[in-house]
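This report concerns only the one structure given below.
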There are 6 protein chains.
Amino acid sequence: MPNKVQEFNEYRQKMNDKILADDNKVIKRIFNLDTNTFKEGHLPVKTKELLGLVASAVLRCDDCIKYHLESAMKNNVTKEEMMETMSIATLVGGTIVIPHLRKAVEFWEALENEAKNV
Amino acid sequence: MPNKVQEFNEYRQKMNDKILADDNKVIKRIFNLDTNTFKEGHLPVKTKELLGLVASAVLRCDDCIKYHLESAMKNNVTKEEMMETMSIATLVGGTIVIPHLRKAVEFWEALENEAKNV
Amino acid sequence: MPNKVQEFNEYRQKMNDKILADDNKVIKRIFNLDTNTFKEGHLPVKTKELLGLVASAVLRCDDCIKYHLESAMKNNVTKEEMMETMSIATLVGGTIVIPHLRKAVEFWEALENEAKNV
Amino acid sequence: MPNKVQEFNEYRQKMNDKILADDNKVIKRIFNLDTNTFKEGHLPVKTKELLGLVASAVLRCDDCIKYHLESAMKNNVTKEEMMETMSIATLVGGTIVIPHLRKAVEFWEALENEAKNV
Amino acid sequence: MPNKVQEFNEYRQKMNDKILADDNKVIKRIFNLDTNTFKEGHLPVKTKELLGLVASAVLRCDDCIKYHLESAMKNNVTKEEMMETMSIATLVGGTIVIPHLRKAVEFWEALENEAKNV
Amino acid sequence: MPNKVQEFNEYRQKMNDKILADDNKVIKRIFNLDTNTFKEGHLPVKTKELLGLVASAVLRCDDCIKYHLESAMKNNVTKEEMMETMSIATLVGGTIVIPHLRKAVEFWEALENEAKNV
């Protein structure tokens with residue numbers, strides 16, 4: 001059975017490696033900045049991950065949603081908190097967010113299954 | 001042979017059930033509102049479905065397009081009317097709408113085949 | 001007292017004239033196509049204007065909304081029909097559409113005042 | 001001297017009143033839902049306001065940003081937390097968010113001045 | 001082994017043929033205009049293809065990106081120039097462009113392999 | 001008579017100074033990256049400015065368009081080349097780009113007047 005979480009992470013890692021190997025300084029710095037932005041600051045990491053999640057959801061970027069769902073779970077976000085975040089996204093961004101909500105709920109379930117199997 | 005219409009509807013139903021089971025009141029109300037919005041009002045259902053279709057098309061939401069194509073066909077929208085609606089979407093939203101137009105025409109064809117087999 | 005309708009139309013006309021004077025063939029054809037797209041076809045002009053309005057609203061283009069509100073009123077769209085169209089835009093496009101709904105209602109009022117004064 | 005905060009709130013209130021007077025049920029329910037969504041839930045109000053802010057910022061809706069900035073300040077969000085939220089918006093949404101960041105910083109300053117004068 | 005380039009082109013051609021067979025004049029003219037817009041003008045074809053690429057990337061349209069990548073390679077765009085174009089897209093459009101950058105790099109690789117096999 | 005070019009630049013500078021004074025590292029780095037991205041690289045500055053312009057236009061960011069128009073003129077972009085770039089934006093991004101085209105042509109004219117007066 002295909003593992004949605006592993007598939008996503010492996011493709012992401014493989015392509016990120018190729019992109020960074022290309023030595024485009026702007027892209028490298030953006031990747032680097034992405035890591036730094038979500039570190040502990042005036043706001044805790046958990047809040048930042050929810051901010052990243054809602055931004056990804058209203059901009060309707062499935063891969064970005066998956067990435068933040070995974071980080072959110074690692075930072076002890078509960079399903080209720082995740083759903084509340086997605087409900088804000090659906091209200092602010094409209095019903096066009098719903099197809100991404102479906103995929104988010106599906107991926108969250110895959111992450112839960114992954115967590116049980118570790 | 002996979003049936004695009006059934007696949008779409010089954011996945012959509014399965015995930016909607018999971019989402020609604022989560023008991024997030026905001027999301028439940030948005031789902032409920034979605035049903036009410038497209039009911040007969042000052043504008044007929046058929047016009048509303050075309051409004052939903054063009055909104056989905058310019059916002060480039062394939063699943064939303066499919067949903068409104070299916071409702072549109074049930075409400076006696078002809079292919080010419082559907083194409084005219086999509087032409088407005090392509091003009092207003094630009095050539096980035098074209099990939100979604102391709103998928104819309106493909107799904108409409110699947111809906112026509114489905115209708116013949118009933 | 002500044003007249004919002006006249007101001008909008010005068011600026012629009014002045015700049016359109018300058019743009020068309022520049023003799024860029026692609027832009028000229030798009031302007032020309034815009035006029036043709038909203039003519040009577042398989043769908044009546046009134047429905048097409050509502051399609052143009054909802055597309056403009058979810059894409060949050062105030063000037064496009066104003067343009068279609070004016071054409072809609074000329075084609076006997078009632079306020080109830082306009083509001084129903086905007087309600088679909090607000091549901092599908094989310095609460096970020098609301099600021100544009102405010103301006104739409106304000107411009108519709110200006111159009112009504114304009115109509116009384118003719 | 002014009003007061004940006006009062007101007008914004010007065011126009012917003014005036015037009016919301018007109019919109020709600022129109023008795024469109026879908027729009028009324030969306031307005032009502034908007035109020036409920038940002039109430040205390042599994043997530044605290046402060047976090048929800050930051051989620052509303054970042055969603056508004058990446059969708060580049062100045063009026064929505066202003067609305068959430070005002071609520072954020074009322075809920076004890078500090079300037080550092082606000083800027084951190086906006087930095088996530090600028091990274092995720094790109095440099096096209098910067099003009100909205102400029103207006104956000106300007107409005108935050110107006111809110112601070114307003115607070116001093118109370 | 002599936003050939004990503006051929007698959008993309010065949011589906012695109014098949015659906016374009018169906019769309020054009022439908023005889024919707026607005027859509028036909030937009031398709032026609034699309035061909036004319038990217039022809040040599042005041043700007044060379046190569047620059048125009050990069051403009052089409054960056055526009056497609058910030059609007060996050062994978063199929064449009066693929067189409068312009070293929071034309072760009074035919075017009076002697078180097079990988080470094082392509083990556084520099086995509087870096088502008090990622091800065092201006094934000095990190096939500098990154099998933100499309102991954103697919104762009106993957107498709108460019110497929111185009112390079114295709115070129116070797118001719 | 002208000003000078004559109006000076007007004008734009010002064011407001012932009014004033015707010016950028018305030019933003020950078022806030023010492024948010026992520027935002028500082030994005031501002032810094034913005035400067036570096038548009039420097040000579042594998043692509044000449046002039047091409048990069050046109051890429052920045054078309055990206056800003058399809059994303060419908062008036063302030064970003066103005067910024068790139070000013071840089072484009074400094075880098076010897078002709079009006080014909082600017083209009084050709086905007087025509088690609090209007091085709092790819094749709095007729096919702098037209099209101100931004102109007103403002104772009106107006107600002108270009110202001111830049112031309114400014115250049116004559118120097």
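The values are calculated or read from the model by the stated rules, or taken from the named source; none is laboratory data. Keep in mind it's a predicted model, so treat the numbers as computed, not measured. Every residue, glycine among them, receives a Cβ derived from its backbone with ideal geometry; neighbour counts consider all protein chains shown. Only protein heavy atoms, including side chains, enter the accessible area calculation; ligands, DNA and RNA are left aside. Shrake-Rupley method; radii C 1.70, N 1.55, O 1.52, S 1.80 Å.
Please verify whether region E:94-106 includes one or more residues that are within 27 Å of B:Val58 (Cα to Cα), in contact with a Cys (Cβ under 8 Å, 6 or more places away or on another chain), within 14 Å of chain D (Cβ to nearest Cβ) and hydroxyl-bearing (Ser, Thr, Tyr).
Yes, region E:94-106 contains a residue that is within 27 Å of B:Val58 (Cα to Cα), in contact with a Cys (Cβ under 8 Å, 6 or more places away or on another chain), within 14 Å of chain D (Cβ to nearest Cβ) and hydroxyl-bearing (Ser, Thr, Tyr).
For D:Glu81, all conditions in the list (1) away from chain E (no Cβ under 14 Å); (2) within 12 Å of the chain's Cα centre (by Cα); (3) touching a residue at least 12 places away in the same chain (Cβ under 8 Å) hold save one; what is the number of the exception?
For D:Glu81, the exception is condition (2).
C:Asp17: of a type in the set (Asp, Glu) and touching a helix residue (DSSP H, G or I) at 6+ places or on another chain (Cβ under 9 Å), yes or no?
For C:Asp17, the condition - of a type in the set (Asp, Glu) and touching a helix residue (DSSP H, G or I) at 6+ places or on another chain (Cβ under 9 Å) - is not met.
Only one of (1) surrounded by 13 or more Cβ atoms within 10 Å (Cβ to Cβ); (2) within 23 Å of F:Ile88 (Cβ to Cβ); (3) of a type outside the set (S, T, N, Q) is not met by E:Val5, so which one is it?
Only one criterion in (1) surrounded by 13 or more Cβ atoms within 10 Å (Cβ to Cβ); (2) within 23 Å of F:Ile88 (Cβ to Cβ); (3) of a type outside the set (S, T, N, Q) is unmet by E:Val5, namely (2).
Among A:Lys39, A:Lys28, A:Lys18, A:Lys48, which is within 28 Å of A:Leu91 (Cβ to Cβ) and of a type outside the set (A, V, I, L, M)?
Details: A:Lys39 fails: within 28 Å of A:Leu91 (Cβ to Cβ); A:Lys28 fails: within 28 Å of A:Leu91 (Cβ to Cβ); A:Lys18 fails: within 28 Å of A:Leu91 (Cβ to Cβ).
The match here is A:Lys48.
Within region D:77-99, is there a residue that is more than 24 Å from A:Glu40 (Cβ to Cβ) and of a type in the set (Lys, Arg)?
No, because not a single residue in region D:77-99 is more than 24 Å from A:Glu40 (Cβ to Cβ) and of a type in the set (Lys, Arg).
Can you find even one residue in region E:25-43 that is buried (at least 17 other Cβ atoms within 10 Å of the Cβ), outside any helix (DSSP H, G or I) and either among the hydrophobic types (A, V, I, L, M, F, W, C) or facing chain B (nearest Cβ under 8 Å) (or both)?
Yes, region E:25-43 has at least one match.
Given (1) in contact (Cβ under 8 Å) with a residue 12 or more places away in the chain; (2) among the hydroxyl-bearing types (Ser, Thr, Tyr); (3) open to solvent by less than 20 Å² (accessible area, probe 1.4 Å), identify the lone condition not met by C:Tyr67.
(3)
Considering each of E:Asn113, E:Asn75 in turn, give the residue that is away from chain D (no Cβ under 14 Å), polar (S, T, N, Q) and touching a Lys or Arg at 6+ places or on another chain (Cβ under 8 Å).
E:Asn75
Only residues that are outside any helix (DSSP H, G or I) and open to solvent by less than 20 Å² (accessible area, probe 1.4 Å): list them for region C:94-118, please.
Passing the criteria: only C:Gly94.
Are any residues in region D:54-78 outside any helix (DSSP H, G or I) and over 10 Å from the mean Cα position of the chain (by Cα), and if so, which ones?
D:Leu59, D:Arg60, D:Asn75, D:Asn76, D:Val77, D:Thr78
If F:Ala89 satisfies every condition in (1) in contact with a Phe, Trp or Tyr (Cβ under 9 Å, 6 or more places away or on another chain); (2) hydrophobic (A, V, I, L, M, F, W, C); (3) under 14 Å from D:Ile96 (Cβ atoms) but one, which is the exception?
All conditions are met except number (1).
Taking the condition open to solvent by 40 Å² or more (accessible area, probe 1.4 Å) and part of a helix (DSSP H, G or I), does D:Lys14 pass?
yes
Looking at A:Leu51, A:Leu91, can you tell me which residue is open to solvent by less than 20 Å² (accessible area, probe 1.4 Å), within 14 Å of chain C (Cβ to nearest Cβ) and assigned to a helix (DSSP H, G or I)? Walk me through it before giving the result.
Numbers: A:Leu51 fails: within 14 Å of chain C (Cβ to nearest Cβ).
Being open to solvent by less than 20 Å² (accessible area, probe 1.4 Å), within 14 Å of chain C (Cβ to nearest Cβ) and assigned to a helix (DSSP H, G or I) holds for just one of A:Leu51, A:Leu91, which is A:Leu91.
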